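The values are calculated or read from the model by the stated rules, or taken from the named source; none is laboratory data. Being a predicted model, the structure only gives us computed values, none of them experimental. Side chains are part of the model used for accessible areas, which takes the heavy atoms of the whole protein and leaves out ligands, DNA and RNA. Shrake-Rupley method; radii C 1.70, N 1.55, O 1.52, S 1.80 Å.
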Amino acid sequence: MTLKNTKALTNLHPEIKQFQEKLWAQYSDENRTAKPGQIVFVGSSLMEIFPIEKMQAEQNLGLSKHIYNRGVRATTTADLLAHMDDQIFDLAPSKIFINIGSNDIGFGVPEATFLANYSEILSQIKAKLPTTEIYVMAYYPTNHTGKFSDGDEGDALLAKRGNDAMADASDKVATLAKQQAVHFINANAGLTDEAGNLKADLTFDGAHMLPAGYEIVFDNLKPYLKLESSETD
């Protein structure tokens, strides 16, 4: 399936497409003055709304490296493949944390296409950035029990993103990471209630998290970020 086919399948609203293009252009511009060898968070909206840069600006996180967030909402693995320079390569990171593919699942992209795209993403990073440590993240849980919004939009968001489906996709991505000899990590501890759903007080729509949820995720990421002194390299 080509990028054009995948975009047709996602059927995005024109305003979302315009926002995506604006954000890719913004990242391309910001990359010109970015410091290489830092840490990059990349993915779809689940990464874009991770307030890590705000957290790093306002809190002493104890990080010796800057984290650049290069998430773009409503994107698929095919979209990331088409924008590897803007979101990854221009920054030449020492570490990269990837959370991409939940939209492939939600939009109904065939599993074989989704996994082939993900494999190609990892292959390209390994080829162009052979010393970069790659961390592939498990998908976050979702919540289907709360009433977060009215109408079809909320239902469509969660329709194919049940916890069983997300866990199954995580397992397949974990296998892919093993095949590619990169790290697979699960930073979801503390996000779920007793029934295994994303805690209702951590999400605004059942799938996307509030800042409190990302504080938990960041805490779980600390061993992989290897917190050191707050001095800048």
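Tabulated results
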read-out	value
For the chain: accessible area per residue (Å², 1.4 Å)	47
Potential extension, Thr131-Ser28 segment - 0.36 nm per residue separation minus Cα distance	34.8 nm
Percentage relative contact order, the chain, counting C-alpha pairs under 8 Å, at least six apart	22
Sequence-distant residues sharing a close amide H with Lys199 (under 5 Å, placed H)	Thr192, Asp193
Heavy-atom accessible area order for Thr192, Thr76, largest first, 1.4 Å probe	Thr192, Thr76
Long pairs among Lys22/Lys178; Lys160/Lys226; Lys128/Lys199; Lys22/Lys160, criterion Cα-Cα beyond 32 Å	Lys22/Lys178; Lys160/Lys226; Lys128/Lys199
Fully extended contour minus Cα-Cα distance, from Asp193 to Ser64, at 0.36 nm per residue	43.1 nm
C-alpha center-to-center spacing [the stretch 158-186, the stretch 25-81] in angstrom	21
Segment Ala112-Ala57, length gained on full extension (0.36 nm per residue, minus Cα span)	15.8 nm
Average silhouette area of the chain, convex hull of alpha-carbon atoms, in square nanometres	12.4
Percent accessible area from carbon and sulfur atoms, the chain, protein chains only, probe 1.4 Å	51
